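Please read the structure below before turning to the comments.
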Amino acid sequence: MRKFLIAAFMLISCLSSAFAQDEVVFTILKTDGNTMDFVMNRDARIYYSDTQLMFFDGNDIVSVNFEDIRKAYFTAHQEVEEIENQQLSFYPNPVNNVLNIKNIADNQTITVYSISGQAMIQLVASGEATVDVSMLQNGIYLIRAGNMVSKFVKM
């Protein structure tokens, strides 16, 4: 069972690190209380044999016996950009025709995405803007401005 869980973690890690730009760290908590951290860079690989979990970081191979593992998990460290006490705001939500946006950084690209990830509307604005969403079908949409992403409902 432990091997299955670790294999599932490995699959999730590969998928999440393939789509994210975050630094992913694989941590092993050993039964003796010590921890081992492995940074999942582009060359990193985790694999296992019948008795061991092995980590390859592009240079070295480290192996740990399964019976020495109490817990294994992934964490992502993401860089956070400081924002000058401004937070993007928009209203109304849900919206029928016009979405009002406030606190837009200078020359910020605003993109509205469908829930499937397709860019539907894109504009560049500063300060405040209004977006005509009347042509969108009813549903849930994402709005992105720089590093900020929020959702709204079109009714």
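Which residue, of GLN122, GLN137, is loosely packed, with under 11 Cβ neighbours inside 10 Å and at pLDDT 90 or above? Outline the logic, then answer.
Working: GLN122 fails: loosely packed, with under 11 Cβ neighbours inside 10 Å.
Of GLN122, GLN137, the one residue that is loosely packed, with under 11 Cβ neighbours inside 10 Å and at pLDDT 90 or above is GLN137.
Looking at the range 125-137, which of its residues are part of a loop (DSSP other than H, G, I, E, B) and touching a residue at least 24 places away in the same chain (Cβ under 8 Å)?
VAL133, SER134, LEU136
What pairs come up if the first residue lies in the range 31-57 and is without any contact (Cβ under 8 Å) to a residue 12 or more places away in the chain, the second is among the small types (Gly, Ala, Ser) and surrounded by 13 or more Cβ atoms within 10 Å (Cβ to Cβ), and their beta carbons are under 6 Å apart, counting only those six or more places apart or on different chains?
Listed pairs, sorted by first residue: MET54/SER63.
If the Cβ limit is 6 Å and pairs must be 6+ apart or interchain, which residue in the range 102-124 that is free of Cβ contacts under 8 Å to residues at least 12 places away in the same chain pairs with which residue that is surrounded by 10 or more Cβ atoms within 10 Å (Cβ to Cβ) and in a strand (DSSP E or B)?
Listed pairs, sorted by first residue: ALA119/THR111; ALA119/TYR113.
ILE140 versus (1) assigned to a strand (DSSP E or B); (2) without any contact (Cβ under 8 Å) to a residue 24 or more places away in the chain: which is the lone unmet condition?
(2)
Listed here are the residues, each with its yes/no results for (1) among the charged types (D, E, K, R); (2) at pLDDT below 70.
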site	(1), (2)
MET1	no, yes
LYS30	yes, no
GLY58	no, no
LYS71	yes, no
THR75	no, no
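The values are calculated or read from the model by the stated rules, or taken from the named source; none is laboratory data. As the structure is a prediction and not an experimental result, all values here were calculated from the model. All Cβ positions, even for glycine, are placed from backbone atoms using ideal geometry, and neighbour counts span all protein chains on display.
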